[in-house]
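Everything on this sheet refers to the single structure shown next.
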Amino acid sequence: MVIQQPNTQIKLTNVSIVRLRKGGKRFELACYKNKVMEWRSNVETDLDEVLQIHSVFMNVSKGQVASKEDLKKCFKTEDTDKVIQEILKKGELQVAEKERSNQLESMWRDIATIVTDNCVNPQTKRPYTVTMIEKAMQDLHLSVNTKRSTKSQALDVIKQLQQKQILPIQRAQMRVRLTLQQTKEAKKLREKLQPLFTSIEDEDSTADEYEVIALVDPGNYRQINELLQSDAKGKGQLEIMNLREKEEGDEKF
């Protein structure tokens, strides 16, 4: 790819294009491969490390640089750096078809792995294999979204599998030990905590201390911890005994 400029010819290699349509026009940036994602995640902050050419283009491949008039009309500013930052933030990263296919395949596998790592069959208390989850994702006709994190898409997969009953599945339960000093606040706190426990395995109460071992949904752990911090006034403790409930006879999942 060659950029034509007055009296110069700049050859671009290993280029990634970020494209944004605004005000009825197309604007593009010529960036170094992989640097765009580093900039978006604040790993890279120097624009010169991200851009191959510090200019805004109408069309990178044809070397058409955007005029100041176009920038002012569409972005309400002639400040090139401000325009560049907006395009980097909001623009769509153009990738080759093979690269995009590899990215989708990798994300698909990651989503299935996350579901496998965090869920079990509620009937057997055992996890599914990645292959079984991938088959269920195919039954859902899942389309991977490259703009969303694999974790958020995995949570969606879990919800859809439960709603459509494609296979019995639930979030693997965490086993926790909660200890509270016997105070007036503790009694009220226990009432708030009860609905957040999936089940109570063991409970012990003395004149000085209350202890409970319970299974909880991972999604409730943060709320339990926040209640403990705010209501127990430092007179309580929450301990994770294991991250996933184990079926009797299993050494580990």
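For S230, what is the net charge nearby, where nearby means another residue's Cβ is under 14 Å from its Cβ and Lys, Arg count +1, Asp, Glu -1?
Within the 14 Å Cβ shell, the charges total +2.
What does the charge count around T183 come to, taking other residues whose C-beta lies under 13 Å from its C-beta (Lys +1, Arg +1, Asp -1, Glu -1)?
Combined, the nearby Lys, Arg, Asp and Glu give +2.
What number comes out for accessible area per residue over the chain if the probe is 1.4 Å? Units Å², please.
Normalised by residue count, the accessible surface of the chain is 62 Å².
Quick one: check the C-alpha center-to-center distance for the stretch 64-123 versus the stretch 195-223, whole angstrom.
42
How large a share of the accessible area of the stretch 48-127, in percent, is made up of carbon and sulfur atoms when the probe is 1.4 Å and the other protein chains stay in place?
42
The values are calculated or read from the model by the stated rules, or taken from the named source; none is laboratory data. What you see is a predicted model; the values in this text were computed from it and never measured. FYI the Cβ positions are ideal-geometry reconstructions off the backbone, even for glycines, and counts take in every protein chain you see. Accessible surface areas use protein heavy atoms only, side chains included; no ligands, DNA or RNA. Shrake-Rupley method; radii C 1.70, N 1.55, O 1.52, S 1.80 Å.
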